[in-house]
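Accompanying notes for the structure given below.
What follows draws every value from the coordinates through simple rules; no lab data is involved. Just so you know, these numbers come straight off a predicted model, no measurement behind them. We place every Cβ from the backbone using ideal geometry, glycine too, and count neighbours over all the protein chains shown.
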Amino acid sequence: MAAGKGTRLKSKHPKVLHEIGGKPLLRHVIEAAAKVVPAADVYAIVGYEADRVKAAMADTGCKFIEQLPEQLGTGHAIMSGREQLEGYDHFLVLSGDTPLIRPEILQRLLAFHLQQGSAMTLLTAEPENPFGYGRVIRKTVGDKIGNEVQAIIEQKQLSKMQEQIGEINSGIYALATKPVFDNIGKLSTDNPHKEYYLTDMAAVLNKSGEKVVAFKEDAMAETLGINTRAELVRLDAQLRAAKTAQLMNDGVTVYKPETCVIDADVEVGADTVIEPFVQLLGRTKVGSDCRIRSGSVISNSTIGDNVNVRQGTIMDDAKVESGAIIGPYSHLRPGSEIGANAHVGNFVETKKVKLGKGSKANHLTYLGDAVIGEGVNIGAGTITCNYDGVNKHQTTIEDGVFVGSDSTLVAPVKLGKGSYVGAGSCITDEVPPDSLAIGRGRQINKEGWAKEKREQRSRKS
Ligand code: UD1
Ligand code: CA
């Protein structure tokens, strides 16, 4: 169920697209579901901003059920899926705002449901503070409380006595299709929100003589849904903590892990050291024996072994081979491929660039749309002028080239193997291999000029 607006987040965006651990809530839920049944048997019920939610989940391979034009509650969400769901004997219902649910729990819930032969099996929990959740009223058999459930009562409708009940409804269920759809028409909107509550199905099924049971899980946190920003941030912190703990278990040193933001799918090799305030995002892969220094933010990038990423480096969709040194304050934009043992230094920006093995661009440089060979030295302040205002053009710098400081290379242009470019040059023509190119005004020295100027000034005063 992912059709709600998420009023309590006070957001114009759909709740299920808010992120924890760098991924939308709904994606966590779909990924868990797709480990229990094939992705093509997972349906996301969408309503509020349906198109946006669909687009964001398209690559999961799940199907969609539309709860449109109105979203009249969780019971109504299931009504909207009648046609699709009637193709199955049983189905699991998950909430799009319960992202920490683990597939093993779903498997256990399903097995219990089938073994009990019940029409409705609810996953329940006993959190420290049950406030806000629907409470589970179990039936008593003789003087014993059994598995069977009488009803689920939402917070706002609890009597004083019922408020004492600690067992909550997680919003995750296993349901038998036939009894559910035979009876779902009996749901009413007679409640404070004027909605069709799926939770009322417990009482409805009971009245029709169908079996409703509770399946209580002790692993609490994972069944808690997110309704507020504070809960969103708390679960995010929990996921991040679990991720850094797992990395440390695998041999990675993470200093001050509570300050690092590392997404779930990130991989890091053993003996790599991650300093405080580092972010490793998306599909980033870091090799072993690297050091990632403070303030670096690395997304969707691949880094080899023994790489030193110095302070404040930003990388997006970049590739860095083993032994390279990057930063401080380098900006590697998409398509940057930095070769083994190469250096990219302070305030150097790269984009769609191949920098060959052992080449260096250490200071204040922009390299865009360029193929740069091995053993090249790019002097401080070098700029590839890749854009003419309409099109982008390519710069080719062959092996062993030395570009003097403050040179502008006006693309398309090629610097031949082993050539030199004099400092301060504006290079507009191809430089032949092994030659020296100088593209600047000649220097003139006017002997005695400054002295003369000073004397003139003192005569006047
Ligand atoms: C629900 C349960 C409550 C339970 C809690 C657990 C009901 C009435 N109450 O309350 O017993 O303790 O979850 O977290 O079900 N949705 C739709 N269409 C709608 C309305 C909601 O798809 O018309 C989706 C939402 O996007 C959300 C999920 O259903 O992902 C749950 O809805 P929400 O409004 O968050 O229910 P709660 O008030 O948390
Ligand atoms: Ca909720």
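Can you sort THR140, THR384 so the residue with the fewest Cβ neighbours within 10 Å comes first? Show your work: numbers first, answer last.
Values: THR140 11, THR384 27.
If I rank by nearby Cβ atoms, fewest first, I get THR140, THR384.
Given R₀ = 30 Å, what would the calculated FRET efficiency be for GLN157 paired with ALA40, taking r from the Cβ atoms and rounding to 0.05?
0.20
Once label points are set 7 Å from the Cα along Cα→Cβ at both ARG454 and LYS417, what is their separation, rounded to one decimal in nm?
5.3
GLY400: net charge of surrounding residues, Cβ under 15 Å, Lys/Arg +1, Asp/Glu -1, itself excluded? Kindly include the intermediate steps, with their values, before the conclusion.
On the way: positive: LYS357, LYS360, LYS414, LYS417; negative: GLU374, GLU398, ASP399, ASP434.
Spelling it out: positives minus negatives among the neighbours equals 0.
Would you kindly derive the ³J(HN,Hα) couplings of segment 322-328 from the backbone phi angles with the Karplus curve 6.51 cos²θ - 1.76 cosθ + 1.60 (θ = phi - 60°), listing them in order in whole Hz, with x for Gly and Pro?
4, x, 6, 10, 10, x, x
Remind me, relative contact order of the chain in percent, using alpha carbon pairs under 8 angstrom and six or more residues apart?
Normalised by residue count, the contact order of the chain is 8 percent.
Set the Förster distance to 30 Å, then compute FRET efficiency between ALA219 and ALA264 from the Cβ-Cβ distance, nearest 0.05. The partial results should precede the final answer.
Details: r = 18 Å, r/R0 = 0.60.
E(calc), rounded to 0.05, equals 0.95.
How big is the gap, in Å, between the Cα center of segment 125-139 and the Cα center of segment 290-351?
A separation of 49 Å, based on Cα centres.
Could you derive backbone 3J(HN,Hα) for segment 286-296 from the dihedral phi with the Karplus parameters 6.51, -1.76 and 1.60 (θ = phi - 60°), listing whole Hz in sequence and x where the residue is Gly or Pro?
Once rounded to whole Hz, the list reads 10, x, 9, 6, 8, 10, 10, 8, 3, x, 7.
Given a cut-off of under 8 Å on Cα pairs at least six residues apart, what relative contact order in percent is computed for segment 298-339?
Averaging sequence separation for qualifying contacts and normalising by length gives 40 percent for segment 298-339.
Only counting other Cβ atoms within 10 Å, I'd like TYR88, TYR133 sorted with the fewest neighbours first.
Fewest-to-most ranking of TYR88, TYR133: TYR88, TYR133.
What is the distance, in nm, between label points placed 7 Å from the Cα along the Cα-to-Cβ direction at ARG8 and at GLU126?
Here the answer is 2.2 nm between the modelled labels.
Ranked highest first by average number of other Cβ atoms within 10 Å, how do 371-379, 258-266 line up?
The packing order, highest mean first, is 371-379, 258-266.
Taking the Cα-to-Cβ direction at GLN164 and at ARG52 and moving 7 Å from each Cα, how far apart do the two end points lie in nm?
Label-label distance for GLN164 and ARG52, simple model: 4.5 nm.
Show which lysines lie in cross-link reach of LYS460 when reach means a straight Cα distance below 19 angstrom and same-chain residues fewer than eight apart are skipped.
List returned: LYS451.
Based on the alpha-carbon set only, what is the convex hull volume of segment 261-358 divided per residue, in Å³?
Numbers: hull volume 5.9 nm³, N = 98.
Value for segment 261-358: 61 Å³ per residue.
Calculate the dipole size of segment 209-322 relative to its Cα centre from +1 charges on Lys and Arg beta carbons and -1 charges on Asp and Glu beta carbons; express the result in debye to the nearest 20.
300
Any idea what the alpha-carbon Rg over 2.2 N^0.38 Å comes to for segment 127-194?
In units of the 2.2 N^0.38 Å rule of thumb, it is 1.25.
Quick check on the exposure proxy: order ARG459, ARG293 from fewest to most C-beta atoms within 10 angstrom.
By the 10 Å Cβ count, ascending, the order reads ARG459, ARG293.
Residue by residue through segment 11-19, which ³J(HN,Hα) values in whole Hz follow from phi under the Karplus form 6.51 cos²θ - 1.76 cosθ + 1.60 (θ = phi - 60°), with glycine and proline marked x?
For segment 11-19, the Karplus-derived couplings read 10, 7, 8, x, 4, 5, 9, 5, 10 Hz, x marking Gly and Pro.
Which semi-axis lengths, in whole Å and largest first, follow from the square roots of five times the eigenvalues of the Cα gyration tensor of segment 143-243?
Values: eigenvalues 153, 57, 50 Å².
Semi-axes (√(5λ), whole Å): 28, 17, 16.
Packing-wise, with mean Cβ within 10 Å as the measure, how do 294-304, 247-257 rank, highest first?
The most tightly packed comes first, giving 294-304, 247-257.
Short version: what are the Cα gyration tensor semi-axes of segment 21-74, square root of 5 times each eigenvalue, largest first, in whole Å?
Semi-axis lengths for segment 21-74 are 19, 13, 10 Å.
Summing +1 for each Lys or Arg and -1 for each Asp or Glu, what net charge is found among the other residues whose Cβ lies under 10 Å from the Cβ of HIS76?
-2
Cβ under 14 Å from SER188's Cβ, SER188 left aside: what net charge do those residues give with Lys, Arg +1 and Asp, Glu -1?
Overall, the nearby charge balance is -1.
Counting only complete DSSP H runs, which helices of the chain cover 24 Å or more along their long axis at the Cα atoms and score a mean Kyte-Doolittle of -0.5 or above?
229-249
Divide by every residue of the chain the summed helix terms, -39500 (n - 2.57) for each DSSP H run of at least 4, and state the resulting mean residue ellipticity at 222 nm, rounded to the nearest 500 deg cm²/dmol.
Numbers: 9 runs with 89 residues, N = 461.
That calculation yields -5500 deg cm²/dmol at 222 nm.
Using amide H atoms built in the peptide plane, which far-off residues or other-chain residues are under 5 Å from ILE20 H to H?
LEU25
Starting from the coordinates of the alpha-carbon atoms of segment 1-103, obtain the Kirkwood hydrodynamic radius over all distinct pairs and give the value in Å to one decimal.
Working: mean 1/r = 0.0735 Å⁻¹.
Final number for the Kirkwood radius of segment 1-103 is 13.6 Å.
Looking at the chain only, what percent of DSSP beta bridges run antiparallel? Nearest 5 please. Provide the component values of the computation, followed by the final result.
Working: 20 of 94 bridges.
In the chain, DSSP labels about 20 percent of beta bridges as antiparallel.
Going out from 0 in 10 Å bins, what whole percent of all Cα-Cα distances in the chain drops into each bin?
4, 17, 20, 16, 13, 11, 8, 5, 3, 1, 1, 0
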